[in-house]
Amino acid sequence: MVVRLKNTIITSIEDTETKKLKLIKMVDKEDGASIELELPKALSDIFELKETVSIQIDSEPISKGEDARLYAEGTVFKTKHEDDMEVVGTLGGLRLVLVLDDPKPSQIKTFESQKIYISIT
């Protein structure tokens with residue numbers, strides 16, 4: 001029940017309409033995934049444009065998550081599943097949107113719980 005994205009590239013880091021927030025867009029072409037994540041400027045400064053990161057998302061706490069550059073607990077608000085899957089949620093009240101192309105059943109099951117944990121290394 002884990003989503004693992006090993007070669008995710010940060011494609012943009014943009015200002016949002018809300019002062020002191022940044023929108024980070026990431027793409028993993030190999031696994032067919034894209035992520036948009038709002039973070040406070042202080043947390044977004046630990047990431048660089050075109051940097052490659054690994055992302056793990058699970059419905060259970062992630063072991064060694066505390067060792068990650070970013071580790072957070074979030075809430076799933078909405079999932080939409082047709083050919084691809086779109087998940088809308090929040091991490092600490094900040095917006096998270098994940099799109100998975102042709103998700104595996106185990107990946108779909110991860111988002112059946114309202115709680116998710118994300119680790120970015």
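The values are calculated or read from the model by the stated rules, or taken from the named source; none is laboratory data. This structure is a prediction, so every number in the text was calculated from the model and none was measured. Glycine also receives a Cβ, built like all others from the backbone with ideal geometry; neighbour counts cover every protein chain displayed.
Values for this structure:
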read-out	value
Residue check for GLU86: of a type in the set (Asp, Glu) and more than 19 Å from LYS29 (Cα to Cα)	no
The listed residue being of a type outside the set (Lys, Arg) and farther than 20 Å from ASP31 by Cα, out of SER54, SER59, SER63	SER63
Subset of the stretch 16-58 (residues that are at pLDDT below 95 and of a type in the set (Asp, Glu))	GLU17, GLU30, ASP31, ASP45
Subset of the stretch 45-63 [touching a residue at least 24 places away in the same chain (Cβ under 8 Å), loosely packed, with under 15 Cβ neighbours inside 10 Å and not hydroxyl-bearing (Ser, Thr, Tyr)]	ILE46, GLU48, LEU49, LYS50, GLU51, GLU60, PRO61
Selection count where residues are part of a loop (DSSP other than H, G, I, E, B) and in contact (Cβ under 8 Å) with a residue 12 or more places away in the chain, scope the stretch 65-94	4
Any hit, the stretch 4-11, residues being under 21 Å from SER113 (Cα atoms), charged (D, E, K, R) and part of a strand (DSSP E or B)	yes
Flag for SER34 being among the polar types (S, T, N, Q), out of contact with any Phe, Trp or Tyr (no Cβ under 6 Å at 6 or more places or on another chain) and in contact (Cβ under 8 Å) with a residue 40 or more places away in the chain	yes
Scan of the stretch 18-38 for residues that are assigned to a strand (DSSP E or B), basic (Lys, Arg) and touching a helix residue (DSSP H, G or I) at 6+ places or on another chain (Cβ under 7 Å), ordered by number	LYS22
Positions within the stretch 17-38 being surrounded by fewer than 18 Cβ atoms within 10 Å (Cβ to Cβ) and farther than 16 Å from ASN7 by Cα, in sequence order	GLU17, THR18, LYS19, LYS20, LEU21
Sole residue being in contact with a Lys or Arg (Cβ under 7 Å, 6 or more places away or on another chain), surrounded by fewer than 19 Cβ atoms within 10 Å (Cβ to Cβ) and without any contact (Cβ under 8 Å) to a residue 24 or more places away in the chain, chosen from LYS41, LYS104	LYS41
